[in-house]
Amino acid sequence: MFSDLIRERYSVREYSRKPVEEEKLRAVLEAGRLAPTAKNAQPQRIYAVKSGDMLEKLRSVCGMTFDAPAVIVICADLSASFVSPFSGRNLGETDAAIVTDHMMLQAADLGLGTCWVGWFDPAEIKKALGIPENLEVMNLLPIGYPSENSKPSPRHGDRKPLEETVTEIRAPAFPAYGTAGI
């Protein structure tokens, strides 16, 4: 059940050495391809890093790969993403977040663990992996099977109550007919 999946998924920071099967990695990447993007611009550019040499290059510039057997690097071509005519905001970063979330949840559904990583120097990642200058590195998603010792962080279950994060907007009450001020 989806609600169980999103409740039980956690950020994995310790992976087993078992490689991710090609069909599972492909299913995760397909989930990212199918993710909605603003005006269907699809500005995401995804890099799957799974070879030993390239993983080592990535690990040399980013300590947050947690020795996962593969890392998905989510980039965006901001020149190809939708820009809101109202706010001027480029939605490429939002699109990359939606793509990352879809892949993360697909991985969890397949029994794989991930950790959404934003702690990295984008310039170093681009240089190490040869990512073109026109792309922005948005997120990293280490992926693999959680180790036997892997467990959620102590703060995993800490969630604010809905009343703290959600406000219902209601239509204003209309005064009754025949009252003063109408």
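F82 meets the conditions (1) touching a helix residue (DSSP H, G or I) at 6+ places or on another chain (Cβ under 6 Å); (2) closer than 30 Å to K18 by Cβ; (3) aromatic (F, W, Y) in every case but one. The failed one is (2).
Select from the range 40-58 the residues that are among the charged types (D, E, K, R) and within 19 Å of the chain's Cα centre (by Cα) and write down the one among them that is surrounded by the most Cβ atoms within 10 Å (Cβ to Cβ).
Taking the range 40-58 first, the residues among the charged types (D, E, K, R) are 45, 50, 53, 56-57.
Still in the list and also within 19 Å of the chain's Cα centre (by Cα): 45, 50.
Details: R45: 20, K50: 17.
Within the range 40-58, the match that is surrounded by the most Cβ atoms within 10 Å (Cβ to Cβ) is R45.
What residue, among those in the range 18-41 that are assigned to a loop (DSSP other than H, G, I, E, B) and in contact (Cβ under 8 Å) with a residue 12 or more places away in the chain, is farthest from R155 (Cα to Cα)?
Of all residues in the range 18-41, those assigned to a loop (DSSP other than H, G, I, E, B) come to 18-21, 35-37, 41.
From what is left, the residues that are in contact (Cβ under 8 Å) with a residue 12 or more places away in the chain are 18-20, 35-37, 41.
On the way: K18: 27, P19: 28, V20: 27, A35: 28, P36: 30, T37: 30, A41: 36 Å.
Here the residue is A41.
Yes/no matrix, rows are residues, columns are (1) surrounded by 10 or more Cβ atoms within 10 Å (Cβ to Cβ); (2) of a type in the set (S, T, Y); (3) under 30 Å from S60 (Cβ atoms); (4) touching a helix residue (DSSP H, G or I) at 6+ places or on another chain (Cβ under 9 Å):
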| position | (1), (2), (3), (4) |
| --- | --- |
| L78 | yes, no, yes, yes |
| A97 | yes, no, yes, no |
| D109 | yes, no, no, yes |
| W116 | yes, no, yes, yes |
| E136 | yes, no, yes, yes |
| E164 | no, no, no, no |
| F174 | no, no, no, no |
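Per the conditions (1) within 19 Å of G63 (Cβ to Cβ); (2) among the small types (G, A, S); (3) touching a Ser or Thr at 6+ places or on another chain (Cβ under 8 Å), the sole criterion not satisfied by A123 is (3).
Looking at R13, R17, R33, just one residue is farther than 17 Å from I131 by Cα, surrounded by 18 or more Cβ atoms within 10 Å (Cβ to Cβ) and not aliphatic (A, V, I, L, M), and that residue is R13.
Hey, among the residues in the range 42-68 that are part of a loop (DSSP other than H, G, I, E, B) and touching a Leu at 6+ places or on another chain (Cβ under 8 Å), which one's farthest from T114 (Cα to Cα)?
Of the residues in the range 42-68, the ones part of a loop (DSSP other than H, G, I, E, B) are 42-43, 50-51, 62, 66-68.
Right, trim to touching a Leu at 6+ places or on another chain (Cβ under 8 Å) and you get 43, 50, 62.
Numbers: P43: 22, K50: 14, C62: 16 Å.
The extreme case among them is P43.
It is to be established whether one or more residues within the range 1-17 are without any contact (Cβ under 8 Å) to a residue 12 or more places away in the chain, of a type in the set (A, V, I, L, M, F, W, C), under 17 Å from L112 (Cα atoms) and not in a loop (DSSP other than H, G, I, E, B). Scanning the range 1-17, I find at least one residue that is without any contact (Cβ under 8 Å) to a residue 12 or more places away in the chain, of a type in the set (A, V, I, L, M, F, W, C), under 17 Å from L112 (Cα atoms) and not in a loop (DSSP other than H, G, I, E, B), so the answer is yes. Quick check on A128: is it in contact with a strand residue (DSSP E or B) (Cβ under 8 Å, 6 or more places away or on another chain) and within 26 Å of G63 (Cβ to Cβ)? No.
Since every read-out is calculated from the coordinates, none of them should be taken as a lab result. Just so it is clear, the model here is predicted, and its values are computed rather than measured. With ideal geometry, Cβ positions are generated from the backbone for all residues, glycine too; neighbour counts draw on all protein chains shown.
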